[in-house]
Each structure stands twice: as structure tokens, then as C-alpha cells.
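Report on one structure; see the data block that follows.
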Amino acid sequence: MLFGSSAALAGSASPVPADSTRIIRLSSLEWPPYTGASLPRQGAITAVIAAALASMGYRLEVQYFPWTRATALIKHNSPFAGYYPEYFSAGLAREFLISDPIGSGPLGFAYHAAAPVQWGSMADLSTYRIGVVEGYVNTDEFDTRVRQGKQMVDAAVNDKQNLRKLAARRVPLVLIDRRVYDHLIRNDADLRPLAPTLRFHPRLLEDKQLYICFRPNAEGARVRAIVNEGLKRIDIEAVLAAALSAGGAN
């Protein structure tokens, strides 16, 4: 039995058949404003995928899990063709079939207002223990430095836990998407009171493209082809912007 929240989303394009063979099932996590069962259109990135599938006559169904479970389900017997959203890495490309980009997000660092950190290169960060989320891909350079022991990290189960650690000054920096940071600070009841103590560094690490990872088999290849063709038929940035606006983000 699968545990998590689930929902279906048809998108805003032409009517989608109710035929169960025209349903694409994906796993994801609660990562507002990009994904989430309670968000308008289930989040901005979900809206992009739903619109792409609707343009091809398919309907999207998403089930939400903690991140490590959302990704692990694709490696085992489950009803999901893939998971999202994911940053690209060479390692993932060897494990999964990767979609065309489904949007992007500004990845950077949050810091404590009482202890700002200035940096110009990754080497400048080597003396800091940086909060990351367990199982997340970050940037190639950052993750390589972590593997090589050149960058200290402190892993949390999610972004919210990392921001609480930052507010308590248990870590000096947290690696996080700027839109995710903004959404959590504005909307999470536990984090709102901490907002005056936290800041997002103006220097971005990277504007990261987001992708779907599909099973590395014939079914994964079939669904990837459907999604990729659908992405060509829609204005990804327009759908993303509209969904972000509907959710109060930018």
C-alpha cells in the first residue's frame, strides 16, 4: 500500500479522455510553490506537466511522498512512470530517462541576519557547514566538493527543518531554492515568526533547470516521449508564471 497524498490534474488545455490508459502517474514531494497537493493547480511545475500532457490528450495523476520515498518508488514496483522535480546530474542520467526541462528555479543560500556570509567562489564556503536536504541533487560543483570532502554539509529531511536550524544558528548557511524559501517564510506557521532573523543571499549559486526522471525501460521511454512532445506544444514560461502568480509567488 502506498502512503501519501494524491490528486489528479487535467490541465487547462482541450478536454482529456477519462480512459485509464490516458492517465500518466508520477510521484513527487511537497515542495511549494512548485509542487503540493493543496497548492493552486498542485504547484507551478505540476501545472506545466499537466498542461503538456493535456495537449497530448492525457491526464496527470500525482501522489506525494517524502523525497527519498518519491524517488525510491521509481526503482521498484509501483504505478508511477517517473518522479519530479529533479535537478540534472550525470549520475541520474545513468539511472533514469530524463525529460526535457519543465521549468527552472533560482538556487542559492539563506543565511542568518545576524551573521551574513560573503562569498565569491565555492572555495570561500569550505569553512562553513551548509544545511542541505538529504537526497537532493544540488549543483555539480557543490556535490563534487561534498564527495571529495572539501565541503562540509549538515543534512535535514526537508527545507523547513533546514530553515529552523538556520534560525537557531546551528548552521550558518542553508542551500535552498529562492521561491521555496519565500513561500515557506510567508506561509508556514512555524517559520513566519522566524522571518525577521533570516535572509536570502543575493548571489545565486545557479538558476537550475528542473526535470522529470522516468523509469529506464520501454514504458518510461514511451511516457517521456509523450511529455517531451507536449512540452513543445505549450509556453512553459507562461504556464509557470501564471501558476506561480496564482499561488502568490513570482
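The values are calculated or read from the model by the stated rules, or taken from the named source; none is laboratory data. This one's a predicted model, so the numbers in the text were calculated from it and none came from an experiment. Every residue, glycine as well, gets a Cβ built from its backbone with ideal geometry; the counts of neighbours run over all protein chains shown.
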Q) How many residues, within the range 21-57, are more than 22 Å from Ala241 (Cα to Cα), surrounded by fewer than 24 Cβ atoms within 10 Å (Cβ to Cβ) and of a type in the set (Ser, Thr, Tyr)? A) 1
Q | Residue check for Ala47: in contact with a Lys or Arg (Cβ under 8 Å, 6 or more places away or on another chain), in the same structural domain as Leu240 (by TED's automatic domain parsing) and modelled with pLDDT under 95 | A | no
Q: Report whether or not Arg25 is more than 13 Å from Ile212 (Cα to Cα) and touching a residue at least 12 places away in the same chain (Cβ under 8 Å).
A: no
Q: Can you tell me which residue within the range 72-82, out of those that are part of a helix (DSSP H, G or I) and aliphatic (A, V, I, L, M), is surrounded by the fewest Cβ atoms within 10 Å (Cβ to Cβ)?
A: Ala72
Q) If we scan the range 29-36, do we find a residue that is of a type outside the set (Val, Ile, Thr) and either farther than 30 Å from Pro196 by Cβ or part of a helix (DSSP H, G or I) (or both)? A) no
Q: Determine whether Asp100 is under 17 Å from the mean Cα position of the chain (by Cα) and in the same structural domain as Val48 (by TED's automatic domain parsing).
A: yes
**Q.** Residue selected from the range 56-71 under the condition in a loop (DSSP other than H, G, I, E, B) and in contact with a Leu (Cβ under 9 Å, 6 or more places away or on another chain), by the criterion farthest from Ser20 (Cα to Cα)
**A.** Pro66
Q.
Take Thr197 and tell me if it is farther than 24 Å from Pro66 by Cα, outside the structural domain of Tyr83 (by TED's automatic domain parsing) and without any contact (Cβ under 8 Å) to a residue 40 or more places away in the chain.
A. no
